[in-house]
Amino acid sequence: MKNSIAKDSTYEHVYQQLGNTKDSIFGTMKDVMIFCALYAVRKNIHRKALQKRGGDSIKIDIFIPEESIIDIIALSDQQDISILSNERQDEKITIFEEYANAGIANIMDRFVNIPEQSDICRIIDEMRPEVKYDKAPIDLASLVRESL
């Protein structure tokens, strides 16, 4: 059974820059992954398999507060309640990894460089045009609550 969530090595530097520096847009790389996965789901971007795992994987325990988000993404993808069973835990994690990978790939395709805070806020505004988001750092919990 998987005990961590992986990132694609192609985007490791992006995760580091967006979620692991003093001036990070997000609080953590975990928050970057969640944002990217939600972005991909919201924009109906197809999952993208990881080509090569890169950097340190993030321990699954770090995601416990956001486990329901991972569950909802997997359930939305599979349309089968059994995806939430312990027997399918690895599959559920893979689905989340692939949506995060698809989201970050799409975001990087949009920008020449790693997106600035204003770029991320613009993406959020596209996802939720009725709510303007200009807080720094990104408060992922509030963003998710606003999306429900």
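The values are calculated or read from the model by the stated rules, or taken from the named source; none is laboratory data. The model shown is predicted, which means the values in this text are computed figures rather than measured ones. Neighbour counts run over all protein chains shown; Cβ positions are idealised from the backbone, glycine included. Remember, those area values only see protein heavy atoms, side chains included, never the ligands or the DNA or RNA. Shrake-Rupley method; radii C 1.70, N 1.55, O 1.52, S 1.80 Å.
One table, with the values for the structure above:
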item	result
Charge dipole (debye, nearest 20) of the chain; +1 at Cβ of Lys and Arg, -1 at Cβ of Asp and Glu	200
GNM flexibility winner over the chain from Leu84, Leu18, Leu38 (Cα, springs under 10 Å)	Leu84
Cα-derived Rg over Rh, computed across the chain with Rh taken as Kirkwood radius	0.94
Alpha-carbon centroid distance for the pair the stretch 37-66 / the stretch 84-112, whole angstrom	4
Top of Val41, Val112, Val14 by mean-square fluctuation, Gaussian network on the chain, Cα under 10 Å	Val112
Percent carbon-and-sulfur accessible area, the chain, ignoring ligands, DNA and RNA, probe 1.4 Å	49
Overall form of the stretch 29-69 per C-alpha gyration tensor (a/c, 1.5; a/b vs b/c)	oblate
Accessible area in square angstrom per residue, the chain, 1.4 angstrom probe	53
Fully extended contour minus Cα-Cα distance, from Gln16 to Leu75, at 0.36 nm per residue	18.4 nm
Rough spin-label spacing in nm, given labels placed 7 Å along Cα→Cβ, for Gln51 and Glu87	3.6
